[in-house]
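A.B. asks: Please see the structure below; I have some questions.
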Amino acid sequence: MLKVLKFGGTSVGTLDRISNVANIVKNMVDNGDKVVVVVSAMSGETNKLIEYAEFYTKTPDDRELDMLLSTGERVTSALLSITLNAQGYKATSMSGREAGIVTDDCHTKARIEIINTDHMQRALDEGKVIVVAGFQGVTTDGRVTTLGRGGSDLTAVALAGALKADVCEIYTDVDGIYTTDPRIVSNAKKLEKISYDEMLELASLGAKVLQNRSVEMAKKLNVNLISRSSFEPDVPGTLITKEENIMEKPIVSGIALDKNQARIGMYGVTDKPGMAANIFTSLADANINVDMIVQTIGKDGKTDLDFTVPKTELEKAKKVMSTFDKDVENIDYNNSIAKVSIVGVGMKSHSGVASKAFGSLAKENINISMISTSEIKISMVIDEKYSELAVRTLHDAYELDK
Ligand code: ADP
Ligand code: ASP
Ligand code: MG
């Protein structure tokens, strides 16, 4: 079998943890598998590097930031390769560039365009274990890029697709996908399987156990994706698969929490055609991802516009907002919000799912300030201080522990 394995930050957080990863890899090689490993930076390393940059400025140049951040995963890939070699296993580390990962030039959240697998293929043919530094690629003109936070998951899935691997196993510090973050709800239940679409929603809505773009790509390339634990490698994980492979379709499969959004309220906005287009085009041009948007019905030629952006992009967004001073009476920035979401493919065919969510939050006196829905999810913005309570309340309301 050709396996792509990915080990996240905590799984490579210390030299001993890297030795543990080497043992998992050695077992597979001894079993006759061909192995490509993707590694993250040691835990805390990427955040530390960001702090270093922010010592100088709150808005460091994205290209320079990528140069800096890409170093974290290179350290781990070399260390894992060094220990495998020292134990008599043939291994070679590769940066994103050496692995042939070509991206667009959208620095700090680049998209993979093509993967030139020749170099990797040769190493595999020579019987080597390849240890790829995750989270990075290179533009066609040779600049290093990174793939967004959690981007090593994407590296792994993309490599599994490009190499036509039999499986892509994402090793982390929990043993699979649960009905909600098991660190928030202790009786969260582990799922044996989950559909790509539900996993994509959970990931996009804040469940960082898998990066959302990696799930999107796994669905597109039909990659057999497994989430499992590097601490308990013998415990079977959760399979992320096509909806038709799942027999039992619960109405609600999981609850996600996202504390990384900030809310921008623009009050007294001139109510004329093209205003929203101007605002959101300017934000898009600055590479800022806008999530929920609520506009109230205009009155007296004015309207209010509320939307959310990632907290990490708030400073950039403030710069963009300052160009709209003359069209707006007042702009309010709120850093202490959270978004809780319920996700489930079964929602498509059931009514009353939303009212149960609103009702159970109301009972706890939790105010909902924004709502958005799709076929398979309901998201609500609330005050950050109630976020854990809201997740527990919803988990109980839909009896997800049963
Ligand atoms: P890694 O560093 O290995 O990439 P992450 O910290 O990115 O790991 O993701 C793993 C974490 O995701 C877990 O420790 C857990 O707290 C969190 N998590 C959030 N939602 C879920 C969920 N539904 N199921 C499992 N883990 C979840
Ligand atoms: N090291 C990067 C991050 O912390 C990428 C990853 O771990 O997947 O976001
Ligand atoms: Mg991660």
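A.B. asks: Which of the residues that make up segment 281-310 are of a type in the set (D, E, K, R) and open to solvent by 60 Å² or more (accessible area, probe 1.4 Å)?
C.D. replies: Within segment 281-310, Asp285, Asp291, Lys299, Asp300, Lys302 qualify.
A.B. asks: Show me the strands (runs of 3 or more DSSP E) found entirely inside segment 208-297 where at least 2 residues are away from ligand 3 (no atom under 16 Å from the Cβ) and closer than 29 Å to Arg183 by Cα.
C.D. replies: In segment 208-297, 238-241, 254-258, 261-270 are the strands (runs of 3 or more DSSP E) which contain 2 or more residues that are away from ligand 3 (no atom under 16 Å from the Cβ) and closer than 29 Å to Arg183 by Cα.
A.B. asks: Continuing with the same structure: Can Thr155 be described as more than 16 Å from ligand 3 (Cβ to nearest atom), open to solvent by less than 50 Å² (accessible area, probe 1.4 Å) and modelled with pLDDT of 95 or more?
C.D. replies: For Thr155, the condition - more than 16 Å from ligand 3 (Cβ to nearest atom), open to solvent by less than 50 Å² (accessible area, probe 1.4 Å) and modelled with pLDDT of 95 or more - is not met.
A.B. asks: Same structure again: How many of the residues making up segment 334-349 are surrounded by 14 or more Cβ atoms within 10 Å (Cβ to Cβ) and either charged (D, E, K, R) or at pLDDT 95 or above (or both)?
C.D. replies: 8
A.B. asks: Can you name every residue in segment 16-69 that is closer than 22 Å to Leu163 by Cβ, away from ligand 3 (no atom under 16 Å from the Cβ) and surrounded by 13 or more Cβ atoms within 10 Å (Cβ to Cβ)?
C.D. replies: Answer for segment 16-69, where residues must be closer than 22 Å to Leu163 by Cβ, away from ligand 3 (no atom under 16 Å from the Cβ) and surrounded by 13 or more Cβ atoms within 10 Å (Cβ to Cβ): Ala22, Ile24, Val25, Lys26, Met28, Val29, Asp33, Lys34, Val35, Val36.
A.B. asks: Of the conditions (1) more than 15 Å from ligand 2 (Cβ to nearest atom); (2) in contact with a strand residue (DSSP E or B) (Cβ under 7 Å, 6 or more places away or on another chain), Gln121 satisfies every one except a single condition; which number is it?
C.D. replies: The single condition Gln121 does not satisfy is (2).
A.B. asks: When you look at Gly161, is it away from ligand 1 (no atom under 16 Å from the Cβ), surrounded by fewer than 24 Cβ atoms within 10 Å (Cβ to Cβ), outside any strand (DSSP E or B) and in contact (Cβ under 8 Å) with a residue 24 or more places away in the chain, yes or no?
C.D. replies: So Gly161 fits the description; yes.
A.B. asks: Let me ask something additional. Within segment 78-112, which residues are in contact with an Asp or Glu (Cβ under 6 Å, 6 or more places away or on another chain) and open to solvent by 70 Å² or more (accessible area, probe 1.4 Å)?
C.D. replies: Listed by number, the list holds a single entry, Arg111.
The values are calculated or read from the model by the stated rules, or taken from the named source; none is laboratory data. Since the model is a prediction, treat every value here as computed from it, not as a measurement. Reconstructed Cβ throughout: ideal geometry from the backbone, glycine too, with neighbour counts over all protein chains shown. For accessibility, only protein heavy atoms count, side chains too; no ligands or nucleic acids. Shrake-Rupley method; radii C 1.70, N 1.55, O 1.52, S 1.80 Å.
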